[in-house]
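Report on the following structure.
The values are calculated or read from the model by the stated rules, or taken from the named source; none is laboratory data. What you see is a predicted model, and the numbers here were worked out from it, not measured in a lab. Neighbour counts run over all protein chains shown; Cβ positions are idealised from the backbone, glycine included. To get the accessible areas, we keep the full protein, side chains included, count just its heavy atoms, and leave off ligands, DNA and RNA. Shrake-Rupley method; radii C 1.70, N 1.55, O 1.52, S 1.80 Å.
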Amino acid sequence: QVPLKPGRSLMDWIRLTKSGKDLTGLKGRLIEVTEDELAKHNKKEDCWICLRGFVYNVTPYMEYHPGGEDELMKAAGTDGTDLFDQVHRWVNYESMLKECLVGRMAVKPIMAPKGECHSPAVWCHEASATESLTDLVSFLTVNVCVFCACVCLLYSYDWFQTDSSITVVLYTKQKDMNEELVIVDCQDKRLRAEIIVDDHSYLVEVDLNHAVQEDLTVTIVERVRKVEIVLKKKENIHWKALGQPLESHNTFIRRTDRGLFYRKCKLVSKTEVTHDTKLFSFMLPKSTHLRVPTGHHVYLKQIVAGTEVVKPYTPVLPCLPLDFKEPPCHAGAQIHFMIKIYSCGLFTQALDHLQIGDSISLSSPEGNFKKSQIGSSEDLFLLAAGTGFTPMVKLLNLALTEVSCLRTVKLIFFNKTEGDILWRKQLEQLALKDERLELQLVLSQPAKDWVGKQGKISAPLLSEFVKRSRKDSKVLICICGPAPFTDQGVQYLKDLGYSQEEIHAFTA
Ligand code: FAD
Ligand code: NAD
């Protein structure tokens with residue numbers, strides 16, 4: 001032990017590690033380190049040390065090391081595992097030096113801790129796409145496209161354990177990582193963790209070595225672009241390996257090539273919205289992390305008359321929040337759908353017969369709407385017909401809460417009769433509350449006393465409603481409804497001079 005300078009206590013070190021400062025000099029990037037490379041970093045001002053196959057840049061830690069700088073320098077540029085084990089094997093360096101992690105040794109010097117380990121967390125090594133050059137060569141020779149191989153190099157995973165938990169870490173290298181880009185499921189010891197990267201995805205899929213508890217937590221460490229999945233062990237035993245890799249494990253491929261993945265969700269409530277439309281709320285399993293992005297849909301699957309039937313549905317919010325500050329309780333755990341029950345509809349009839357507590361299979365999200373499309377809009381026009389209103393729910397929420405440059409939002413809602421208008425009261429309240437929102441209701445089969453607009457989508461109607469608030473204002477027009485409605489609408493908009501980029505049509 002050496003006396004540490006003021007401001008160099010363990011607490012100070014922890015504060016520094018949480019400050020967001022780049023302590024490796026690599027901006028969160030993890031690299032493979034050869035022995036030659038390691039040896040080059042052997043000076044106080046540039047000191048790397050290998051511990052159990054992982055390389056840390058300990059320069060920022062020098063002044064905080066209770067054993068003093070000289071002690072640390074004994075291992076500079078080398079594998080310090082033995083030295084470390086002699087002095088303080090019990091120290092949880094993995095978490096202490098987490099922010100100093102440079103990467104992994106290209107050739108693993110030690111596979112597992114020697115002898116009994118007193119450290120509460122033990123890093124374990126798993127093969128990853130970045131493992132070795134040989135892996136990369138075989139990768140390419142099996143004719144996987146070069147693009148995928150290169151991108152895959154950026155994605156990898158690792159895991160470590162404590163007595164009671166397993167943490168799987170996915171390194172993403174992806175800017176703007178957020179909850180919607182991570183889908184995790186753990187059922188019957190099968191762990192599946194997917195990171196969405198535009199139209200591709202990176203997948204970790206293993207049959208776990210031991211049982212885990214039902215609930216899991218997912219944390220996105222945006223600053224270093226990694227995702228941590230914490231699973232709780234069922235038994236406090238030491239795992240020798242994470243598990244057996246499954247077929248698609250550690251792959252980076254097009255999402256469409258993966259096939260749809262389903263998990264079972266329980267119906268928790270079913271409430272009337274109109275005479276033929278209901279709000280169905282399903283509970284995601286505790287072992288699932290899934291957030292459906294705005295404008296995306298999922299597939300529901302159920303056995304109808306002995307056959308598996310699949311139909312797409314667009315999740316909505318449980319209601320249109322009037323103050324958008326607080327996320328609704330159960331946000332994330334429940335998923336809500338507004339579904340019209342057709343009297344002769346195959347799927348919707350079966351859905352309507354589901355009892356509370358019954359299960360349905362729900363896929364991972366799909367869709368091509370991007371948040372960035374709305375990000376810089378000044379005028380947003382939403383054209384919805386019937387249940388084509390469903391994608392507009394989250395869009396409204398997003399626009400009114402997150403789009404700072406937005407001046408106007410116009411929702412033009414086409415329905416047959418007044419009784420068909422979904423969430424009319426809520427929409428009218430919202431329009432009263434937020435002056436940016438304007439609501440236009442158009443009925444195709446109105447009652448005699450209807451004083452509002454009538455008819456179906458048409459060029460004159462659109463030319464009146466869809467007008468830029470300023471000559472050059474940035475516009476986004478979203479349209480959703482029955483296919484003929486959408487097709488006609490897009491054509492009218494183009495005829496009115498709106499460009500392809502300014503129009504987003506929701507289709508299957
Ligand atoms: P089917 O057995 O296929 O049809 C039986 C009868 O019902 C038809 O003869 C017709 O009279 C009527 N019918 C069926 N489908 C339609 C239709 N699409 N338009 C008009 N009449 C029809 N629906 C929702 O209620 N909520 C949603 O959030 C939703 N999201 C969707 C998202 C996407 C991307 C797409 C493509 C569709 C979405 N739909 C939504 C429609 C949904 O997928 C089904 O088509 C609908 O629920 C009917 O299924 P069904 O098996 O009951 O009807
Ligand atoms: P609906 O039959 O009650 O009709 C609602 C309004 O749509 C009508 O009042 C009319 O104005 C317009 N409309 C209907 N048919 C038209 C046509 N042939 N030409 C022009 N306008 C027409 O609507 P619904 O039963 O609620 O059906 C909603 C539709 O939206 C379904 O087809 C559903 O598949 C689709 N939908 C698509 C998505 C998506 O692609 N993301 C999401 C949700 C719903």
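Could you rank Thr167, Thr251 by how accessible they are, 1.4 Å probe, largest area first?
From most exposed to least exposed: Thr251, Thr167.
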*Starting from 0 in steps of 10 Å, tell me what percent of the Cα-Cα pairs of the range 262-366 lands in each bin.*
14, 50, 31, 5, 0
*Pairs to check: Lys173/Lys311; Lys18/Lys175; Lys340/Lys394; Lys232/Lys264; Lys18/Lys226. Give those whose C-alpha atoms are more than 24 Å from each other in this structure.*
Lys173/Lys311
_Under 17 Å from the Cα of Lys474 - lysines, other chains or at least 8 residues apart_ = Lys370, Lys371, Lys410, Lys494
*List the DSSP H helices in the chain whose Cα atoms stretch 15 Å or more along the helix axis and whose mean Kyte-Doolittle hydropathy is at least -1.0.*
390-402, 483-495
*If you add up the charges near Leu203, with Lys and Arg at +1 and Asp and Glu at -1, over every other residue whose beta carbon is less than 13 angstrom from its beta carbon, what do you get?*
0
*Quickly estimate the mean residue ellipticity at 222 nm for the chain, helices only: each DSSP H run with n ≥ 4 gives -39500 (n - 2.57), and the total goes over all residues, rounded to 500.*
-5500 deg cm²/dmol
_Quick check: convex hull of the Cα atoms in the range 322-447, volume per residue, rounded to a whole Å³?_
150 Å³
*Quick one: ranking His353, His297 by accessible area, 1.4 Å probe, largest first, what do you get?*
His353, His297
*Once the whole set of protein chains is in place, how much accessible area is left on Cys405, using a 1.4 Å probe, in Å² to the nearest 10?*
50 Å²
*asked:* So if I take the centroid of the Cα atoms in the range 486-508 and the same for the range 247-285, what is the distance between those two points in Å?
replied: 29 Å
*Dividing the alpha-carbon radius of gyration of the chain by 2.2 N^0.38 Å (N being the number of residues), what value is obtained?*
1.17
*With a 1.4 Å probe and all protein chains in place, put Ile183, Ile14 in order of accessible area, largest first.*
Ile14, Ile183
*Return the carbon/sulfur percentage of the accessible area of the range 262-366, one whole number, probe 1.4 Å, all protein chains in place.*
55 percent
*Once the whole set of protein chains is in place, how much accessible area is left on Glu308, using a 1.4 Å probe, in Å² to the nearest 10?*
120 Å²
